[in-house]
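Enquirer: If you scroll down you'll find the structure; I have some questions about it.
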Amino acid sequence: MSTILIVDDDVYIGDMLAEILTEEGYRTARAYSGTEALLLDRISEDTPDCTESSLKVHVSNLRRKLKAVDGNDYIEAVWGIGFKLNEEIR
């Protein structure tokens, strides 16, 4: 069974995601900050197969680097959905 570590400081969103994933058959672990996630990684014998915050961190870093090039925000965050390319910038 896969384990997913959910790192989110919003208690309701993180708990809702954990509940949905549990209902889908995944084991979940919760952390409410990056520091807590690192501590869990150090003390836990079970290494998660996936961390929910990973994508957000990588996309945020990519957005910052792209914006530094010419000031445009090529990737938009869409609340409740994820990310999409900014159609207005070509």
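Enquirer: Within region 28-37, is even one residue at pLDDT below 80, in contact with a helix residue (DSSP H, G or I) (Cβ under 9 Å, 6 or more places away or on another chain) and among the polar types (S, T, N, Q)?
Expert: no
Enquirer: Follow-up question, since we're still on this one. Which residues, taken from region 38-76, are touching a helix residue (DSSP H, G or I) at 6+ places or on another chain (Cβ under 8 Å) and modelled with pLDDT of 70 or more?
Expert: Within region 38-76, ASN72, ASP73, TYR74, ILE75 meet the criteria.
The values are calculated or read from the model by the stated rules, or taken from the named source; none is laboratory data. A quick note: this is a predicted structure, and the numbers were derived from the prediction, not measured. Quick reminder, even Gly has a Cβ in these numbers, built from the backbone with ideal geometry, and neighbours come from all protein chains shown.
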